[in-house]
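This report refers to the structure that appears directly beneath it.
The values are calculated or read from the model by the stated rules, or taken from the named source; none is laboratory data. What you see is a predicted model, and the numbers here were worked out from it, not measured in a lab. Quick reminder, even Gly has a Cβ in these numbers, built from the backbone with ideal geometry, and neighbours come from all protein chains shown.
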Amino acid sequence: MEGPVTPVRALPERTAATLLGLALAGGAVAGAAEEYSALAMTEAAVFLAGAVALLGVFVPSGPRGGFPTRETKIAGCALGALLLVALLQIVLTPQPGFPGAGLKTHFGSLLPTETEREAWKLAACLVAFFIAARSAGDRRTLALLVLPLGAATALLSLYGLLQLFTDGSLPVLYSHRAWAYGDRLTATYTNPNHFAGLLEMIIPLVLGATVLAVLRQPAHDEATLIHRVRATLLGSPAVAAGMISVIVMGVALIFTQSRMGIFCGAVGALFLAISRRGARARWRGIVIFLVLVVVLVSAGTALGVDPLLERFSLIERDAGGRFDLWGDTWRGLSDRYWLTGSGLGTYLFTFPEYQTGRPGAEYAEAHNDYLQLAWETGVAGTVLGGFFLLVLMRCILRRSTVADPVLRGAGLGAAAGALAILLHSILDFNLQVPANGLVFAVLTGIAIATRSRDSAIPSALPNSLELSCSPYRSDPFS
């Protein structure tokens, strides 16, 4: 077996991870990269990170835990094939022009310019997936990817809370910011539900590494949980910052007033708590989960949650509009687009033909990512997307065999965050928001790489990176 990873030999991977982390953080700050200029800059940074990562392929870097796993390759091939479907849709655009000369079946995009834009986004997600998977075998490389994103999300949460409770008196961080949602927290995002989607992915990721660092004490040690937590927080600034960040992001999630976001965030955190190894570890995780719930509910109550309770009382009314939208989408899908799809990114332009609810309203998305994928890509895209999700779910539900507790915790947190956003996507379109889609790609790369059957990482880290047996030592990312 090759020797441990050295800083020089890991330089391409760590540079790529840093660039990707900064790109994701910048995309989140820049209005979720929904504006064209912000999207172009974010994608350029991701592709630059991918180019740097390619250098690492030709630099021997010792045993790795991420990229070589069989399921990582399979999932990556599924994403690549989905990108190929989009490219074929561009090439095979029906002639003459839109909308396919009245044909009910066609073999190309009805609006190739929109499909081309979505194909670039999908390509960026593919690059992010592989960089994240490659980074999942080394603690420091993974930290360079995760820390910028976690720090940016926590700061955005703090900014959003301050902006909300000062009646918008703070300077606007990004000009694309919209105030159409009144007393709901959006930070720099346009839609509070999409900021909630970002939070429900990042909270478990940060919490996973934090909980593993706090509870890394050997089982035979009889110190109390409170003593262990206190000692670890005092001895590790990164863990303390992670716990504070989780609380700030949790409070921000409550004030987005996103009903599905709050529910899915709770599901992700609970999954993180109950998926720990061993009965004792699971009970400790559940205790920490309950403590966090009490802290967040108390903070929300102190700051005022009446608008949130009012929104929950309107669930039945709002659900009716979604059911009507899905019914119209299903009718168009079964009538025309089930076989080859309308083209990636064309839902806005093809749905009005079948729209019966809310005449005159424009729907750029189906408010269900799975239905919209089927509408736009047909059988091929549906099968490939389903296969990717099958591989991902197998890894999410499997116990990690990675020896390093921080990498294992980050993988578990990534799995919990991916599970949360997949649930949210049943009722919303978070995965079509560029910044959130890229974060999801990163989470799936980390989760699959650390939870595959062949992802066990024996002691491939140098001694200076190994965790001490003492729970009171240092940083989890040191």
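Out of F47, F67, F98, I need the residue that is surrounded by fewer than 23 Cβ atoms within 10 Å (Cβ to Cβ), within 25 Å of L431 (Cα to Cα), among the hydrophobic types (A, V, I, L, M, F, W, C) and at pLDDT below 85. Which one?
Numbers: F47 fails: at pLDDT below 85; F98 fails: within 25 Å of L431 (Cα to Cα).
Just a single option satisfies the conditions, and that option is F67.
Could you check, for the range 295-314, whether at least one of its residues is at pLDDT below 90, among the hydroxyl-bearing types (S, T, Y) and part of a helix (DSSP H, G or I)? Steps first, answer last, please.
Step one: filter the range 295-314 for residues at pLDDT below 90, giving 295-314.
With the extra rule that they be among the hydroxyl-bearing types (S, T, Y), the set shrinks to 298, 301, 313.
Next cut, part of a helix (DSSP H, G or I) only: 298, 301.
Yes: the range 295-314 contains one or more residues that are at pLDDT below 90, among the hydroxyl-bearing types (S, T, Y) and part of a helix (DSSP H, G or I).
Filtering the range 101-132 down to residues that are more than 25 Å from A40 (Cβ to Cβ) and part of a helix (DSSP H, G or I), which residue is modelled with the lowest pLDDT?
My answer is A101.
Given the condition among the polar types (S, T, N, Q), surrounded by fewer than 24 Cβ atoms within 10 Å (Cβ to Cβ), modelled with pLDDT of 90 or more and within 27 Å of L199 (Cα to Cα), answer yes or no: does some residue in the range 426-444 qualify?
For the range 426-444, residues among the polar types (S, T, N, Q), surrounded by fewer than 24 Cβ atoms within 10 Å (Cβ to Cβ), modelled with pLDDT of 90 or more and within 27 Å of L199 (Cα to Cα): present.
Take the conditions at pLDDT below 95 and surrounded by fewer than 17 Cβ atoms within 10 Å (Cβ to Cβ) and apply them to R408. Does it pass?
No; evaluated as a whole, the condition is false for this residue.
Checking the condition modelled with pLDDT under 85 and outside any helix (DSSP H, G or I), which residue from L212, L173, L234 passes?
Criteria check complete, one pass: L173.
Answer yes if at least one residue in the range 136-148 is on the phi < 0 side of the Ramachandran plot, of a type in the set (D, E) and at pLDDT below 90, and no otherwise.
Of all residues in the range 136-148, those on the phi < 0 side of the Ramachandran plot come to 136-148.
Applying the additional criterion that residues be of a type in the set (D, E) yields 138.
With at pLDDT below 90 added as a condition, the list becomes 138.
Taking every residue of the range 136-148 in turn, at least one turns out to be on the phi < 0 side of the Ramachandran plot, of a type in the set (D, E) and at pLDDT below 90.
Given the conditions (1) within 28 Å of F107 (Cα to Cα); (2) in a helix (DSSP H, G or I), and given that I426 satisfies all but one, which numbered condition is not satisfied?
Evaluating I426 over (1) within 28 Å of F107 (Cα to Cα); (2) in a helix (DSSP H, G or I) leaves (2) as the failure.
Among the listed residues W375, W338, which satisfies the condition of being surrounded by fewer than 21 Cβ atoms within 10 Å (Cβ to Cβ) and at pLDDT 90 or above?
Result: W338 is the single residue among W375, W338 that is surrounded by fewer than 21 Cβ atoms within 10 Å (Cβ to Cβ) and at pLDDT 90 or above.
Taking interchain pairs and intrachain pairs at least six residues apart, which have beta carbon atoms under 8 angstrom, with the first residue in the range 239-266 and assigned to a helix (DSSP H, G or I) and the second charged (D, E, K, R)?
From residues that are assigned to a helix (DSSP H, G or I), the pairs are V239/D475; L253/E200; F255/R184; R259/R311; M260/D428; G261/E200; C264/E200; G265/E200.
With at pLDDT 70 or above, in a helix (DSSP H, G or I) and surrounded by 20 or more Cβ atoms within 10 Å (Cβ to Cβ) as the only criterion, which of L333, L348 stands out?
L333
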